[in-house]
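Right, one structure below, let's go through it.
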Amino acid sequence: MQRRPLKLRTRESSDHKGTFGRVLLVGGSRGMAGSISLSSIAALHTGSGLVAAAVPDPVLETVAGFHAALMTIAMPAQDGCFSVGAWSPLKGLISRQDAIGVGPGMTTNEGSVAIVDGLLRQRQTPVVFDADALNVISEHRLFDDEAIVRTEGDAAVVLTPHPGELSRLTGVPASDGDEQLAAAQRMADRLGITIVVKGGPTRVTDGCAPDAPGRTFVNSTGNPAMATAGCGDVLTGVITSLLGQGLSGWDAARLGVWIHGRAGDVAASAISAAGMTAAHLVETLAIVADEMAE
Ligand SMILES: NC(=O)C1=CN([C@@H]2O[C@H](COP(=O)(O)OP(=O)(O)OC[C@H]3O[C@@H](n4cnc5c(N)ncnc54)[C@H](O)[C@@H]3O)[C@@H](O)[C@H]2O)[C@@H](O)CC1
Ligand SMILES: Nc1ncnc2c1ncn2[C@@H]1O[C@H](COP(=O)(O)OP(=O)(O)O)[C@@H](O)[C@H]1O
Ligand SMILES: [Mg+2]
């Protein structure tokens with residue numbers, strides 16, 4: 001089996017939905033309802049017990065229509081996106097979640113800024129920041145504030161930038177892969193977080209182990225068929241699910257990119273490199289998910 005980084009335990013008869021975590025995906029907007037739906041369904045297909053999507057009210061029915069098992073929570077909206085009034089009800093949901101994933105399809109409007117800033121300042125629930133959540137961090141330089149640095153005992157923070165998002169976060173051009181990884185390692189060490197540098201191959205770097213600064217994992221799965229809309233949104237749901245199942249940021253990110261790439265490899269050979277979409281990826285994820293525990 002291609003260098004799986006770690007192994008999940010197998011399921012037992014005494015297990016129940018709570019055993020596998022309750023997670024919340026936050027994102028979506030009119031025109032980008034699919035992104036947060038892919039993240040949410042990916043969390044279900046990675047084994048979460050309970051998954052809800054907190055979305056702007058106008059897209060709730062669209063998101064809910066993607067999967068009967070998915071719960072949806074309507075948030076205050078303006079022009080089809082989160083309004084600044086969305087942070088208050090969302091804040092009230094945090095303590096009940098085992099993990100949160102935020103960013104896919106949310107846009108970088110003022111409602112998104114309030115949500116991302118608030119999720120960065122809380123320390124009790126693990127959070128994956130992806131897509132427009134990363135763009136909000138870049139545009140408003142939220143990482144300049146030392147108050148968001150994670151220390152021992154704080155819940156995990158995992159970032160999942162593609163090279164374009166990482167370029168906005170670090171100022172290092174997407175064309176300079178090695179320097180982008182070095183900048184990500186420095187950022188992970190400074191902030192005490194985990195960063196998934198997506199691409200071919202994907203690398204994971206982590207600053208949470210005092211005795212192993214900048215530790216890095218190079219993923220051995222995945223392929224260019226995954227260069228298609230929504231495949232990163234799927235990964236957000238995978239890592240959120242594994243955080244919700246009790247894994248650390250380092251473990252959830254490494255195992256998450258590994259099983260995500262495995263699903264991409266199986267889907268590409270079953271469908272075709274050009275024809276595969278994120279919809280195929282998220283379905284194949286459900287088929288290969290047990291490889292995390294075999
Ligand atoms: N169905 C949906 O609702 C979808 C919504 N999406 C959302 O759309 C928003 C914008 O995300 P996008 O990623 O599409 O747009 P971005 O503008 O953030 O990133 C796309 C650009 O980033 C650069 N880039 C990305 N990967 C690169 C690489 N490996 N090497 C060099 N340059 C690279 C390229 O310039 C590319 O045009 C996000 O919120 C995302 O979640 C997308 O995920 C697509 C699907
Ligand atoms: N050439 C490639 N080889 C391996 N994986 C790839 C390749 N191109 C893209 N991917 C993977 O596909 C995903 C793309 O993420 P992203 O650009 O955020 O997609 P989206 O935002 O559209 O969902 C990442 O997980 C990335 O690692
Ligand atoms: Mg993306």
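The values are calculated or read from the model by the stated rules, or taken from the named source; none is laboratory data. Quick caveat, the model's predicted, so the values are computed rather than measured. Please note: Cβ atoms are built from the backbone with ideal geometry, for glycine as well, and neighbour counts cover all protein chains shown. Just so you know, the surface numbers come from the protein's heavy atoms only, side chains and all, with ligands and any DNA or RNA stripped out. Shrake-Rupley method; radii C 1.70, N 1.55, O 1.52, S 1.80 Å.
Numbers at a glance
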| item | result |
| --- | --- |
| Filter result (open to solvent by 40 Å² or more (accessible area, probe 1.4 Å), within 15 Å of ligand 2 (Cβ to nearest atom) and over 14 Å from Gly103 (Cα atoms)) within region 155-177 | Pro163, Arg168, Ala174, Ser175 |
| Some residue of region 35-53 being of a type in the set (Val, Ile, Thr), open to solvent by 10 Å² or more (accessible area, probe 1.4 Å), in a helix (DSSP H, G or I) and over 24 Å from Met292 (Cβ atoms) | no |
| Among (1) part of a loop (DSSP other than H, G, I, E, B); (2) open to solvent by 50 Å² or more (accessible area, probe 1.4 Å) - the single one Ala212 does not satisfy | (2) |
| Single residue of Pro126, Pro161 found to be more than 16 Å from ligand 3 (Cβ to nearest atom), at negative phi and touching a residue at least 24 places away in the same chain (Cβ under 8 Å) | Pro126 |
| Hits in region 108-145 - residues which are part of a loop (DSSP other than H, G, I, E, B) and in contact with a Phe, Trp or Tyr (Cβ under 8 Å, 6 or more places away or on another chain) | Asn109 |
| Hey, Ser248 away from ligand 1 (no atom under 12 Å from the Cβ) and either touching a residue at least 40 places away in the same chain (Cβ under 8 Å) or open to solvent by less than 10 Å² (accessible area, probe 1.4 Å) (or both) or not | yes |
| Checklist (1) within 15 Å of ligand 2 (Cβ to nearest atom); (2) touching a Gly at 6+ places or on another chain (Cβ under 6 Å) applied to Leu255, failing item | (2) |
| Selection status of Thr62, in a helix (DSSP H, G or I) and surrounded by fewer than 17 Cβ atoms within 10 Å (Cβ to Cβ) | yes |
| Region 184-208: number of residues that are more than 8 Å from ligand 2 (Cβ to nearest atom) and open to solvent by 10 Å² or more (accessible area, probe 1.4 Å) | 9 |
| Residues within region 137-154 that are at pLDDT 95 or above, among the hydrophobic types (A, V, I, L, M, F, W, C) and surrounded by fewer than 16 Cβ atoms within 10 Å (Cβ to Cβ), tallied | 1 |
